[in-house]
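The values are calculated or read from the model by the stated rules, or taken from the named source; none is laboratory data. As the structure is a prediction and not an experimental result, all values here were calculated from the model. All Cβ positions, even for glycine, are placed from backbone atoms using ideal geometry, and neighbour counts span all protein chains on display. To get the accessible areas, we keep the full protein, side chains included, count just its heavy atoms, and leave off ligands, DNA and RNA. Shrake-Rupley method; radii C 1.70, N 1.55, O 1.52, S 1.80 Å.
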Amino acid sequence: MRTELWHGFVFVNLDADAPPLAPRLAPLEPIVAPYRLEELRGEFLADPDYRFEHDYAWNWKVYAEGQNECYHCDKLHGDTPLMTQTDCNSIDFGVMEPEHGVFHFTLRNRDIDVTLNHLGRAIFPAIPTLSEQQRWITHTITIAPGVLLVLMPDSVIALGYVPTGPTLMRVKRHRLYPRQTLARPDFAERHREESLAARAFVAQDDYAFERVQRGLGSRFAPRGPIASRERVLVGVNQWLLERYRAEMT
Ligand SMILES: [Fe+2]
């Protein structure tokens, strides 16, 4: 087993001979650098009741498909404050490296400091190292197979997910804030409403995942085409297919 630190995240690989991770993630450096990820901290530090680990009864690829595209965002989440402030047509694919399982796209927002909460705009200060231009953009990063980072103006959502069975999976979900935001005396109180809105947003996805999993079990369920806004899904599947093939030979 080997471990590697990347901007404050500890990556564990059960293969002691695995190549180092950092070169694989090098194309992400210019994107993540302004967010100073290593200086952010999880909301659970300020809210002892925050539950960051969740078990679900669907295949991990159902979840990965839902997290790695934003084709559904203005539909499934269309009524949320976040999505009314986000221009989903502005999707722009940046780092797309199927051979390394690293993907990235941006969405341009309709206002500065748009974020996931009950208002759709930040109630806490922006990450202080971001430029004004960066505060109009949301970055979504996928590190295959099971890491997703959503870089927002005030915080970063970090998801890690692993399969625990053919139709079971576990997610660790953290929202990371600058330390000075977590240290605010009013953080816990103001964050409560924000957190409720985030959970409601996640619940919309969960509603869909549960039904997709159920649908996949039907012999009448058709397989659909991948849309142009879902380029990351194509890349993740290419990455995965290569590894399945390597295992089989
Ligand atoms: Fe979603």
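Shown for region 162-218: the carbon plus sulfur share of the solvent-accessible area, taken with all protein chains present and a 1.4 angstrom probe, equals 59%.
Based on the alpha-carbon gyration tensor of region 172-229 and its eigenvalue square roots a ≥ b ≥ c, which shape applies: rounded if a/c is under 1.5, prolate if not and a/b is larger than b/c, or oblate? Could the numbers behind the result be given before it?
On the way: a/c = 4.32, a/b = 2.87, b/c = 1.51.
Taking the square roots of the gyration eigenvalues as a ≥ b ≥ c, region 172-229 is prolate.
Among the GluC sites (Glu not before Pro) found in region 64-156, those both in a DSSP coil and sparsely packed, with 10 or fewer other Cβ atoms within 10 Å of their Cβ, are 99, 132. The charge dipole of region 71-168, taken about the Cα centre with unit charges on the Cβ atoms of Lys, Arg (+1) and Asp, Glu (-1), comes to about 140 debye, rounded to the nearest 20.
Would you please classify the overall shape of region 37-99 from the alpha carbon gyration tensor, given that a ≥ b ≥ c denote the square roots of the eigenvalues, rounded means a/c under 1.5, and beyond that prolate means a/b larger than b/c while oblate covers the rest? Cα axes put region 37-99 in the rounded bin. In region 39-248, with Lys and Arg counted as +1 and Asp and Glu as -1 at Cβ, which of these residues, 180, 169, 157, has the Cα nearest the positive end of the dipole, that is, farthest along it? It is 169, whose Cα lies furthest towards the positive end. Scalar couplings 3J(HN,Hα) for region 34-51, obtained by applying the Karplus form with A = 6.51, B = -1.76, C = 1.60 to θ = phi - 60°, are x, 7, 6, 3, 5, 9, 8, 9, x, 5, 5, 5, 9, 9, x, 8, 5, 9 Hz; x denotes Gly and Pro.
With a 1.4 Å probe and every protein chain left in place, work out the accessible area per residue of region 179-237 in Å², rounded to a whole number. Mind dumping the intermediate values first?
Working: 3890 Å² over 59 residues.
About 66 Å² of surface per residue is accessible.
Spatially, region 118-191 and region 198-249 are offset by 23 Å when compared through their Cα centroids.
Report the calculated FRET efficiency for residue 92 and residue 227 (r = Cβ-Cβ distance, R0 = 22 Å), to the nearest 0.05.
My answer for the efficiency is 0.90.
For residue 27, the shell of other residues with beta-carbons less than 14 Å away shows a net charge of -2, using +1 for Lys and Arg and -1 for Asp and Glu.
Tell me the mean residue ellipticity at 222 nm calculated for the chain from its helices only (DSSP H runs of n ≥ 4, each -39500 (n - 2.57), averaged over every residue, nearest 500). Let's see the in-between values first.
Working: 8 runs with 76 residues, N = 249.
Calculated mean residue ellipticity at 222 nm is -9000 deg cm²/dmol.
The modelled label-to-label distance between residue 129 and residue 3, using points 7 Å beyond Cα along the C-beta direction, is 2.2 nm. At q = 0.14, 0.16, 0.18 Å⁻¹ the log10 of I(q)/I(0) for region 39-248 amounts to -0.89, -1.16, -1.45, computed by Debye summation with a single uniform scatterer per C-alpha, solvent ignored.
Residue 243 to residue 212: FRET efficiency via 1/(1 + (r/R0)^6), r the Cβ-Cβ distance, R0 25 Å, to the nearest 0.05? Given R0 = 25 Å and the Cβ-Cβ separation, E is 0.65. Placing unit charges on the Cβ atoms of the charged side chains and taking the dipole of the chain about its Cα centre, the candidate lying farthest along the positive direction among 62, 130, 46 is 62. Please go through region 172-221 and write out the chymotrypsin sites (Phe, Trp or Tyr not before Pro) that DSSP classes as loop and that have at most 14 other C-beta atoms within 10 Å. Loop-located and lightly packed - 220. Averaging the sequence gap over all C-alpha pairs within less than 8 Å and six or more residues apart, then dividing by the number of residues, gives region 62-182 a relative contact order of 18 percent. Near residue 189, once Lys and Arg are set to +1 and Asp and Glu to -1 for all other residues with Cβ below 15 Å from its Cβ, the sum equals -3.
Couplings for region 209-221, taken from phi via the Karplus curve 6.51 cos²θ - 1.76 cosθ + 1.60 with θ = phi - 60°, read 4, 4, 7, 5, 4, 5, x, 4, x, 8, 6, 8, 6 Hz in order; Gly and Pro are left as x. Distant-in-sequence amide contacts of residue 94, defined by a placed amide H-H separation under 5 Å and a gap of 5 or more residues or a different chain, comprise 104, 105, 106. What range in the chain is the longest one free of trypsin sites (Lys or Arg not before Pro) that are in a loop by DSSP and have at most 10 other Cβ atoms within 10 angstrom? Here the longest segment lacking exposed loop sites spans 52-218. Over region 27-141, accessible surface divided per residue gives 45 Å², non-protein components excluded, 1.4 Å probe.
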